[in-house]
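Heads up, the thing below is written out as structure tokens.
The values are calculated or read from the model by the stated rules, or taken from the named source; none is laboratory data. Fair warning: this is a prediction, and the values are worked out from it, not measured in the lab. FYI the Cβ positions are ideal-geometry reconstructions off the backbone, even for glycines, and counts take in every protein chain you see.
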Amino acid sequence: MKVFISAQIRRKEFGRKVPAEDLPVITRSARAALGVPIVARGLPPHTRLIKAYATSKRGPKRVVYLLAVEDGDMFLLFYRGKNDAIGKNASMSNPAFRAALDKYLAMLEADLVGGDIEELVATND
């Protein structure tokens, strides 16, 4: 299992690059077995949404991944604080989450087609 992020999503969620202190938080939370499935329609074939709860030095986070079921790879979609409009209620019943999800899935697809994806790997400092 690998964890990836698209360039467009990285810029939206983090800016120019993913902060080094967030990499271990992201890779630790990227475990489908520990996450909570989010029921959603219209996802790409053979994928699922997974919501994970994580704690960073800056506080509690809600992390949403798109899981590629066949190979177990995960694509980071959202990395939000628990009080953010999306982090507070990362579910399809939240209109803000639904709208953002549609945009982020489109960005991910465009970056996959363009090859603008990077693997996230935590270093052991």
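A few comments on the model shown:
- Every condition in (1) surrounded by 15 or more Cβ atoms within 10 Å (Cβ to Cβ); (2) among the charged types (D, E, K, R); (3) under 23 Å from ASP102 (Cα atoms); (4) modelled with pLDDT under 95 holds for ASP22 except the one numbered (3).
- Odd one out for PHE14 among (1) in contact with a Pro (Cβ under 9 Å, 6 or more places away or on another chain); (2) within 16 Å of VAL3 (Cβ to Cβ); (3) modelled with pLDDT of 90 or more: (1)
- Among the conditions (1) in contact with a Ser or Thr (Cβ under 8 Å, 6 or more places away or on another chain); (2) assigned to a loop (DSSP other than H, G, I, E, B); (3) more than 20 Å from LYS17 (Cα to Cα); (4) of a type outside the set (D, E, K, R), the only one that PHE97 does not satisfy is (2).
- When each of LEU67, LEU43, LEU76 is tested for being under 21 Å from GLU109 (Cα atoms), surrounded by 20 or more Cβ atoms within 10 Å (Cβ to Cβ) and touching a residue at least 60 places away in the same chain (Cβ under 8 Å), the lone residue that passes is LEU76.
- Residue match in the stretch 20-28 (condition: part of a loop (DSSP other than H, G, I, E, B) and of a type outside the set (Gly, Ala, Ser)): no
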